[in-house]
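Here the structure is laid out as structure tokens; the discussion comes afterwards.
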Amino acid sequence: MSVESFDPNSQVVTVSPAALAHFRRQLSSAQGKSVRLSVKKSGCTGFMYAIDLVEQGSASDLHYQLDEQVELLVDSNSLEVLSGTQIDLVREGVNQQIKFINPNVKDECGCGESFSVN
């Protein structure tokens, strides 16, 4: 048996290859240099995800260099809600959208815009 301690600086969020390619395309045609992920209080169930293309993040953001072109910034105030989240890009028919697979979500609103956590 081994004992491990929680490292808050280990990668909290993972990004699929499809989502990474999407972020790379978005950054190549936008003003931002990084992708910033946070959660905001909103909607009927509590929180919503916010993805922004930014020149620079907050001083307290966690920085993950996903490849040479894409840096992911994660809001440190959102860590408890985001821990373990996977970001994917899914295609449904002719549409595609970013999907968050978050093990902390216990309930989502009917429209899919907001969620609550354990």
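The numbers here are math on the coordinates, done by the rules we state, and not lab data. Owing to the predicted nature of the structure, the values given are computational and were not obtained by experimental measurement. Please note: Cβ atoms are built from the backbone with ideal geometry, for glycine as well, and neighbour counts cover all protein chains shown.
Points worth noting:
- Mean-square fluctuations from a GNM of the chain, with a 10 angstrom spring cutoff on Cα atoms, peak among 93, 84, 46 at 93.
- Rounded to the nearest 20 debye, dipole of the chain from Cβ charges on Lys, Arg, Asp, Glu: 300 debye
- Isotropic mean projected area of the C-alpha convex hull, the stretch 30-118 (nm²): 6.7 nm²
- Inter-probe distance in nm under a simple model that places probes 7 Å from Cα toward Cβ, at residue 94 and residue 68: 3.5 nm
- Scanning residues 5 or more positions from residue 42 or on other chains, those with amide H under 5 Å from its amide H are 47, 48, with H placed 1.01 Å from N in the peptide plane.
- Electrostatic tally near residue 54: other residues with Cβ closer than 13 Å to its Cβ, Lys and Arg +1, Asp and Glu -1, net -3.
- Stretched out straight at 0.36 nm per residue, the stretch from residue 24 to residue 40 would grow longer than its current Cα-Cα span by 3.4 nm.
- Normalising the average separation of contacting C-alpha pairs (under 8 angstrom, six or more residues apart) by the number of residues puts the relative contact order of the chain at 27 percent.
- Value at 222 nm in deg cm²/dmol, rounded to 500, when DSSP H runs of n ≥ 4 in the chain each add -39,500 (n - 2.57): -3500 deg cm²/dmol
- Length available on full extension from residue 33 to residue 58: 0.36 nm per residue minus the Cα-Cα distance, which gives 7.7 nm.
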